[in-house]
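Undergrad: The structure under discussion is supplied below as structure tokens; questions concerning it will follow.
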Amino acid sequence: MLRSAGAELEVRQVSAEWSDFAASASDEDLRERILTGFRSGKPFTPYVPTLPMPAAIGSVLDFGCGLGRNFPYLKTIASHVVGFDLPEMIERCRNASPVDVALLSADWDAVRAMRFDLVFASLVLQHVPEDVCRAALDDFATMAPMTYLLARGEGDFGFSALDLAARSARFEPGECRVVDHDPATHQLRVVGTVPFDEARSAGDSRHFEVLLHSRIYRR
């Protein structure tokens, strides 16, 4: 995929920022960066999806796994869990992950050649540049029959991951829910259900949860 010089620079800057932070930050600072509010009392535990997950998941990819926050949940639904992130984050995850998983990797070329039953992209695509998000979604559609997406209506770079998924024409969206953090349970709570077309054009700070069914996946 060809990128403009500006897009390439943006990707490098974001990767360098996260790499430097992952390499130098304390565990507490890193957890706060990943989960805003951690220092104020939010537990560093996984958000359990409110949407029903597919049955009989053998393998799942946690894209942008960070310090393994999602791993305890993912191990309850899949027998084979793989985590992918930047090299510096993967090194931190090896020591900080609350549970062991089958594979931790920073080699996207190797990971994208694998096949999974589910790609899990929770609160990560909203933090990456548009070029990276578009390329990741295109890969997800070839790597797994389904992708779980939890993301803000508008991400850090002014676009919607849901809109990119729709424009790729590679997915058929399932039910789309508006969710937020429940301070009583520190889990997701459902605020409402909206049509996917409404969610993809929302352009606001609400969080949307959807299962994307690949139209092109071939094992």
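The values are calculated or read from the model by the stated rules, or taken from the named source; none is laboratory data. Keep in mind that what you see is a predicted model, and the values were worked out from it rather than measured. Here the Cβ is made from the backbone with ideal geometry for all residues, glycine too, and neighbour counts use every protein chain on show. SASA here: full protein model, heavy atoms, side chains in, ligands and nucleic acids out. Shrake-Rupley method; radii C 1.70, N 1.55, O 1.52, S 1.80 Å.
Undergrad: So which pairs qualify, if the first residue must be in region 31-58 and assigned to a helix (DSSP H, G or I), the second must be exposed (fewer than 15 other Cβ atoms within 10 Å of the Cβ), the Cβ gap must be under 6 Å, and the two must be at least 6 apart or on different chains?
TA: As it stands, the answer is GLU32/ARG39, since those pairs meet every condition given.
Undergrad: Filter region 187-206 for residues that are in contact (Cβ under 8 Å) with a residue 60 or more places away in the chain and within 19 Å of VAL124 (Cβ to Cβ); which is surrounded by the fewest Cβ atoms within 10 Å (Cβ to Cβ)?
TA: Among them, the one singled out is GLN187.
Undergrad: Still on this structure: Restricting to strands (runs of 3 or more DSSP E) lying wholly in region 66-137: which have 1 or more residues that are open to solvent by 30 Å² or more (accessible area, probe 1.4 Å)?
TA: 78-84, 103-105
Undergrad: Here's something else I'd like to know. I need the full set of residues from region 169-181 which are farther than 16 Å from SER122 by Cβ and in contact with a Lys or Arg (Cβ under 7 Å, 6 or more places away or on another chain), in order please.
TA: ARG170, PHE171, GLU172
Undergrad: Right, something else. If you take the residues in region 207-219 that are open to solvent by less than 60 Å² (accessible area, probe 1.4 Å) and not polar (S, T, N, Q), which one is farthest from the chain's Cα centre (by Cα)?
TA: This residue is TYR217.
Undergrad: Scanning for something in a helix (DSSP H, G or I), open to solvent by less than 40 Å² (accessible area, probe 1.4 Å) and aromatic (Phe, Trp, Tyr), does region 145-161 turn up at least one residue?
TA: No: zero hits.
Undergrad: Do you know which of the residues in region 162-181 that are free of Cβ contacts under 8 Å to residues at least 40 places away in the same chain and not β-branched (Val, Ile, Thr) is nearest to LEU51 (Cα to Cα)?
TA: Only one residue fits best here, namely CYS176.
Undergrad: Further question: Just to verify a result, which residue in region 14-62, among those that are of a type in the set (Lys, Arg) and surrounded by fewer than 16 Cβ atoms within 10 Å (Cβ to Cβ), is nearest to ARG177 (Cα to Cα)?
TA: Only one residue tops the list, namely LYS42.
Undergrad: Does any residue in region 1-27 that is assigned to a helix (DSSP H, G or I) come within less than 7 Å, Cβ to Cβ, of a residue that is open to solvent by 60 Å² or more (accessible area, probe 1.4 Å) and modelled with pLDDT of 90 or more six or more places away or on a different chain, and which pairs are these?
TA: So the pair list comes out as SER19/GLU88; PHE21/ARG33; ALA22/GLU88; ALA23/GLU88.
Undergrad: Shifting gears a bit: Condition test on THR76, is it within 16 Å of LEU212 (Cβ to Cβ) and among the polar types (S, T, N, Q)?
TA: no
Undergrad: Okay, moving on. Which of the numbered conditions does ALA184 fail, given that it passes all the others? Conditions: (1) without any contact (Cβ under 8 Å) to a residue 12 or more places away in the chain; (2) of a type in the set (A, V, I, L, M, F, W, C); (3) open to solvent by less than 30 Å² (accessible area, probe 1.4 Å).
TA: Failed condition: (3).
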